[in-house]
């Protein structure tokens with residue numbers, strides 16, 4: 001997605017700039033200067049991983065964390081084609097398993113979970129309060145396509161509730177669903193809890209108890225032929241540490 | 001329009017062939033590379049799946065519809081831009097070309113804020129009972145937005161090259177403006193009009209960014225072939241490659257068919 005690439009670019013620039021300031025301020029902390037750790041992370045991890053990267057840079061002088069955010073399957077395809085990643089954090093186990101099958105990562109560890117929530121435009125104009133409300137044929141409902149992780153989770157919730165939802169659009173990514181809701185085009189959409197949190201005042205969240213049946217697990221792993229194997233493991237350790245977990249919780253993620 | 005060095009008295013400098021060949025390779029090699037990745041044993045079943053057929057049909061229908069809209073709006077636009085003189089026309093000409101350089105996703109956002117439910121015209125449209133969001137009409141709008149400049153540039157260039165001499169003669173012989181347009185101007189610029197229409201169709205066929213931003217994605221309604229390819233890439237890369245090749249073949253067929261059907265070179 002163009003949006004993701006642009007976001008990744010901006011994020012990379014922002015992180016580079018921050019790292020530059022940090023290095024010049026703190027001076028030489030004993031490690032080699034100019035070391036770069038490349039982290040590929042699912043788009044939904046953008047806010048939390050930018051925070052974690054700053055923490056990592058603060059505790060590792062001279063290390064520059066370069067973040068690349070995109071859909072998990074895009075990132076998997078890039079790593080399979082030899083993109084230089086040191087760490088990969090996926091939004092679902094299915095995509096991580098593809099790399100495990102190719103021996104490109106070893107022993108991924110689950111670090112967070114995310115559940116679905118109903119997102120509605122501010123003021124909830126269509127009056128959506130329960131999952132069953134989404135089945136109203138006059139409601140402009142937008143879902144993720146079943147081919148992508150958030151769509152698979154939506155389908156699971158829909159099936160468990162015995163509903164037949166008729167979306168007006170099945171979007172490519174959770175960002176696209178959220179975009180249709182924030183623009184007011186859609187009356188409701190199913191997105192992750194973290195997306196509602198990140199969108200701030202642009203959307204309102206309607207809690208979805210049924211989503212407990214479709215929890216999305218996020219695994220992380222160092223990439224097998226990482227150029228910075230030690231740093232990669234240290235970054236994974238940070239994500240799994242109490243500090244890391246607290247950061248993730250701040251963005252709406254639940255523990256693994 | 002065939003150019004052979006034999007026709008020109010001077011001939012091309014030899015060195016020009018090297019970058020020209022490299023340019024050709026640069027365009028063709030990725031297509032060849034893609035073709036090598038196609039799983040030929042299952043190709044037919046991949047491109048005839050229900051979702052693939054729905055996407056191809058929708059793509060052809062919407063591209064044809066947007067080409068018609070481009071012609072209806074674009075021909076008069078080209079005539080005004082090529083034949084009229086009034087203050088601000090240069091600025092107008094540049095503005096019409098904006099979608100050409102705009103990232104399509106930006107076009108999609110702009111359309112959303114124009115025709116969307118909360119857009120500039122959204123409420124008026126809703127009062128009139130017109131619902132554009134998530135409909136096939138939204139796809140046609142998105143495609144027309146990005147394709148229109150192709151028709152206008154192509155036709156305006158042809159109109160300027162043809163000049164207004166024959167039109168002046170026809171008018172001096174008593175022909176009324178509409179007759180001049182129908183009997184003199186349009187026949188003169190016919191090749192430019194045709195290539196402009198083909199370019200618009202091809203651009204509409206490949207439209208992705210504005211569609212996914214503005215129209216959404218639902219099988220048979222708004223999910224055109226490029227959107228289907230992008231979605232299939234998530235789960236079935238083989239299907240995505242097969243459909244990509246299908247899109248290339250359709251585009252090449254459309255362009256080749258019009259090149260064949262072109263009237264004699266004398267008109268250019």
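Numbers below:
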| item | result |
| --- | --- |
| Semi-axis lengths, Å, region B:43-267, gyration tensor of Cα atoms, sqrt of 5 times eigenvalues | 35, 23, 14 |
| Volume in Å³ per residue [convex hull over Cα atoms, computed for region A:32-98] | 77 Å³ |
| Per-selection Rg to Rh, region B:1-90 - Cα, Kirkwood hydrodynamic radius | 1.18 |
| Bridge type composition, chain A - antiparallel percent by DSSP, nearest 5 | 50 percent |
| Dimensionless Rg ratio for region A:116-213, taking C-alpha atoms and the 2.2 N^0.38 Å reference | 0.92 |
| Percent RCO, i.e. relative contact order, over region B:43-267, from Cα pairs under 8 Å lying at least 6 residues apart | 32 percent |
| Mean Cβ count within 10 Å, highest first, over the residues of peptides B:194-202, B:231-239, A:128-136 | B:194-202, B:231-239, A:128-136 |
| Whole-percent pair-distance distribution, where bins are 5 Å wide, for the alpha carbons of chain A | 1, 6, 13, 17, 18, 15, 11, 8, 5, 3, 1, 1, 0 |
| Of all DSSP beta bridges in region A:116-213, antiparallel share, percent nearest 5 | 60 percent |
| Residue-averaged beta-carbon neighbours from other chains (10 angstrom radius) around A:161-172 | 4 |
| Inter-chain shielding of B:112-125 (mean C-beta neighbours from other protein chains, 10 Å cut-off) | 2 |
| Residues B:34, B:77 arranged by fewest to most Cβ contacts within 10 Å | B:34, B:77 |
| Packing-based exposure ordering (other Cβ within 10 Å, fewest first) of B:18, B:75, B:169, B:80 | B:18, B:169, B:80, B:75 |
| Residues residue B:128 and residue B:165, FRET efficiency given R0 of 56 Å [Cβ-Cβ distance, rounded to 0.05] | 0.75 |
| Gap separating the Cα centres of region B:57-79 and region A:29-94, nearest whole Å | 45 Å |
| Highest to lowest packing among B:140-150, A:227-237, scored as the average C-beta count within 10 Å | B:140-150, A:227-237 |
| Where N is the number of residues in region B:165-268, Cα Rg divided by 2.2 N^0.38 Å | 1.60 |
| Average partner coverage of B:230-242, which counts Cβ from other chains inside 10 Å | 3 |
| Radius of gyration, Dmax [the protein assembly as shown; alpha carbons; angstrom] | 27.2, 91 |
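Each value in this text was obtained by applying a stated rule to the coordinates, not by laboratory testing. Worth saying up front: this structure is predicted, and the values here are computed from it rather than measured. We place every Cβ from the backbone using ideal geometry, glycine too, and count neighbours over all the protein chains shown.
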